[in-house]
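Down below is the structure, laid out as structure tokens.
The values are calculated or read from the model by the stated rules, or taken from the named source; none is laboratory data. Fair warning: this is a prediction, and the values are worked out from it, not measured in the lab. We place every Cβ from the backbone using ideal geometry, glycine too, and count neighbours over all the protein chains shown. Remember, those area values only see protein heavy atoms, side chains included, never the ligands or the DNA or RNA. Shrake-Rupley method; radii C 1.70, N 1.55, O 1.52, S 1.80 Å.
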Amino acid sequence: MKISLKSISRLVIGYMLVAFGWWALHQWNEGHRLFETEKALLETRYESAGTNQTQQQKAEAYKKIERRWQKQQRMVLSEGIFLTLCLAFGLWMINRAANREVMLAKQRRNFLLSITHELKSPIAALQLTLETISKRELKRETLEKLCSNGLRDAVRLQQLVEDLLLAARLEDNWRPLPEPLDLETIVRDCARSLQTRFPKANIRINVPPNFLPVQADKPGLTAVVQNLLENAIKYSPDGETVEFTAEKTNGKLRLTVADHGIGIPNDQKNAVFEKFYRIGNEEVRKTTGTGLGLYIVKQVVSAHGGTITVADNHPKGTVFTVEI
Ligand code: ADP
């Protein structure tokens, strides 16, 4: 029988709460027993002392032991409340850390599964294409189609490997190497390669004429544009418009990528930037991906001293805004 980390942490939490409750009850009972014994002793003492002791002295002595018992009650109660709060806080932290570990392990497992799938499918498709080309006499038209499919798979593989390499370098204290870049050329190159992979994609590019060169790291900026555009296409219905806009305001570069797709629920808007994170709904699971794209985008933007935000588009969809 396999016992999960979650059940073990719940068992430990349960045991600690019961043990603590038992200790508090024990303290209370002991205090009460002592109070009753002292009370009985007092009665006996006054009875044997006869009329030498006044009723007033007896009442005072009784009040004294009663006060001691009340003080002890307050102490057990306040210590109990304080320790329960400390215990609850500590247990909550442990539980949270355990849950996080479980989630990370799950995400890593999902990542391995999806990366294997992402690598295997284009390799298998390429193999089949090359076998078909080498074994048969084909019409020029068919040959062209097969070549363009093969090229699409090769582009996908190349992008995947570039993402993996960049993610590995980001782990290793990556620093951008800024140089003057022509933003429009970068965006049009990304759009072209995406159009090969997603022939129905409808990408609109709004870069103002004579846009001044942008100071940024070339592979980094390319990865940002590529990943944001790719997501906008992937998580939208076929043929839906995806809009890329660039502007300069107050000396800052602002890039927005807006789509009219499935959108991102509010409670997951932060999580999507975590490594390997993918939203667990059916629409996302049907789409290929590794959960690395937005992690790379966020790290690259932060390394440039910039910010990235995500908001809902209207009437539906998502808008990502990068400011550098
Ligand atoms: P993936 O390889 O899964 O696309 P990303 O890191 O690029 O990984 O994105 C993380 C998750 O964020 C995606 O799996 C998807 O659930 C969600 N997401 C990202 N971009 C969009 C978008 N434009 N619209 C809706 N969901 C998105």
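Quick notes on this structure:
- Accessible area of the chain belonging to carbon and sulfur atoms, whole % at 1.4 Å probe: 58 percent
- Average accessible surface for region 248-324: 49 Å² per residue, computed with a 1.4 Å probe over protein heavy atoms with every protein chain in place.
- If you sort Lys106, Lys39 by accessible surface, 1.4 Å probe, largest first, the order is Lys106, Lys39.
- The chain - percent relative contact order, Cα under 8 Å, separation 6 or more: 14 percent
- Dividing the summed -39500 (n - 2.57) terms of all DSSP H runs of n ≥ 4 by the residue count of the chain sets its mean residue ellipticity at 222 nm at -23000 deg cm²/dmol.
- The accessible area of Asp267, taken with all protein chains in place and a 1.4 Å probe, comes to roughly 130 Å².
- His117, His314, His26, ranked by accessible area, largest first (probe 1.4 Å): His314, His117, His26
- Which of Thr241, Ala223, Gly291, positive extreme of dipole for the chain (C-beta unit charges): Gly291
- Ranked from largest to smallest solvent-accessible area, with a 1.4 Å probe on the protein heavy atoms, Arg175, Arg188 come out as Arg175, Arg188.
- Taking only alpha carbon atoms, the chain gives an Rg to Rh ratio of 1.34, where Rh is the Kirkwood radius.
- Which listed pairs, of Lys120/Lys234; Lys120/Lys218; Lys200/Lys316; Lys145/Lys234; Lys120/Lys275, have C-alpha distances above 26 Å, in listed order: Lys120/Lys218
- For region 5-105, projected area of the alpha-carbon convex hull averaged over all directions, nm²: 6.9 nm²
- Mean shadow area of region 186-316 over all directions, Cα convex hull, nm²: 8.3 nm²
- C-alpha center-to-center spacing [region 18-39, region 257-324] in angstrom: 57 Å
- Working from Cα pairs under 8 Å separated by at least six residues, relative contact order for region 179-323 is 24 percent.
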